[in-house]
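The values are calculated or read from the model by the stated rules, or taken from the named source; none is laboratory data. Only a predicted model underlies this, so the values are computations on that prediction, with no experimental measurement involved. Virtual Cβ from ideal backbone geometry, glycine too; neighbours counted across all protein chains shown.
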Amino acid sequence: MELRKFYWALRAMIYRLFFGKVGFMSYIGSPISLVGTKNIYIDNRVRIYPGVRMETHNNGQIIIGRNTSIGQNFHIISEKEPLIIGENVTVSGNVFITNIDHDYMDINKHVLLQDRKVKTTRIGEGCFIGFGVTIQAGTVLGKHCVVGANAVVRGSYPDYCVIAGVPGRIIKRYDVEAEVWKKVK
């Protein structure tokens, strides 16, 4: 193990005192901000690179499944309910994931002073999240979804699909019978 990762593993062992859970063989690079750590649950063999910002508010939870890798400058926010990242997920750098939307309807009130809307957000097992992706509140990714770089994703997506663009849309799906990936028209 590289020396820096050794220090990250030591940091993770100290975080066990403050987090809901930090699993065996997990490590965390230098964070930028951690809020509500008692509601953050990190399973075994989770690798989190430097620059992470993790926030839980009003009993929200962040649950990260085993054998997940999270790249640098990752930002995740959860409020009122669990935001789940499944097992064996790869999250590239500069990714943002949330289960919160800000209301903006009252034009006489600043957006940040208006209510927040919480919507279920979940990343399925084996997903790959590309560089610079934004996963908005109310996104549910099925098993083994691939989200292309810089996509902005909201909505429910089935197992075995490739999502790209702004807004994110399915561009390929895996055909189980033919055992091939097919373009979606």
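Residues that are farther than 19 Å from Thr56 by Cβ and in a loop (DSSP other than H, G, I, E, B) were ranked within the range 9-29; the one that is nearest to the chain's Cα centre (by Cα) is Gly29. If you go through the range 30-74 and keep only what is in a strand (DSSP E or B) and closer than 16 Å to Phe128 by Cα, you end up with Arg47, Ile48, Ile64, Ser69, Ile70.
If you go through the range 24-42 and keep only what is surrounded by fewer than 23 Cβ atoms within 10 Å (Cβ to Cβ), closer than 21 Å to Lys80 by Cα and touching a strand residue (DSSP E or B) at 6+ places or on another chain (Cβ under 7 Å), you end up with Ser33, Leu34, Val35, Gly36, Asn39, Tyr41. Scanning the range 75-88 for residues that are part of a loop (DSSP other than H, G, I, E, B) and either charged (D, E, K, R) or within 20 Å of Pro31 (Cα to Cα) (or both) returns Lys80, Glu81, Glu87. Residue count for the range 66-123, restricted to those that are among the small types (Gly, Ala, Ser) and within 20 Å of Lys5 (Cβ to Cβ): 4. Taking every residue in the range 157-170 that is touching a residue at least 40 places away in the same chain (Cβ under 8 Å) and more than 12 Å from Val184 (Cα to Cα) and pairing it with any residue that is assigned to a loop (DSSP other than H, G, I, E, B) and acidic (Asp, Glu), at least 6 positions away or on another chain, yields no pair with a Cβ-Cβ distance below 8 Å. Is it the case that the range 118-137 has a residue that's within 12 Å of Gly168 (Cβ to Cβ) and among the polar types (S, T, N, Q)? Yes, the conditions are met somewhere in the range 118-137.
Candidates are the residues of the range 75-99 that are among the hydroxyl-bearing types (Ser, Thr, Tyr) and over 8 Å from the mean Cα position of the chain (by Cα); the one that is nearest to Asn58 (Cα to Cα) is Ser78. One residue alone among Gly124, Gly138 is in contact with a Leu (Cβ under 9 Å, 6 or more places away or on another chain), within 24 Å of Asn59 (Cα to Cα) and surrounded by 16 or more Cβ atoms within 10 Å (Cβ to Cβ), and that residue is Gly124. Cβ separations smaller than 6 Å between residues 6+ apart or across chains give the following pairs from the range 1-15 residues that are under 18 Å from Asp43 (Cα atoms) and among the charged types (D, E, K, R) to residues that are outside any helix (DSSP H, G or I) and at pLDDT 85 or above: Lys5/Tyr27; Arg11/Ile28.
When residues in the range 66-99 are screened for being closer than 19 Å to Arg47 by Cβ and surrounded by fewer than 23 Cβ atoms within 10 Å (Cβ to Cβ), 17 of them pass.
Number of residues in the range 74-113 that are closer than 27 Å to Gly148 by Cβ and out of contact with any strand residue (DSSP E or B) (no Cβ under 8 Å at 6 or more places or on another chain) equals 4. Within the range 38-57, residues that are over 19 Å from Thr98 (Cβ atoms) sit with their Cβ atoms under 6 Å from residues that are hydroxyl-bearing (Ser, Thr, Tyr) and at pLDDT 95 or above, at 6+ positions apart or across chains, in these pairs: Val46/Thr68; Arg47/Ser69. Here the range 170-180 is the region considered, the condition is being outside any loop (DSSP other than H, G, I, E, B) and exposed (fewer than 15 other Cβ atoms within 10 Å of the Cβ), and the residue that is modelled with the lowest pLDDT is Asp175. For the range 141-155, filtering for residues that are closer than 15 Å to Arg173 by Cβ and either acidic (Asp, Glu) or buried (at least 22 other Cβ atoms within 10 Å of the Cβ) (or both) leaves 3.
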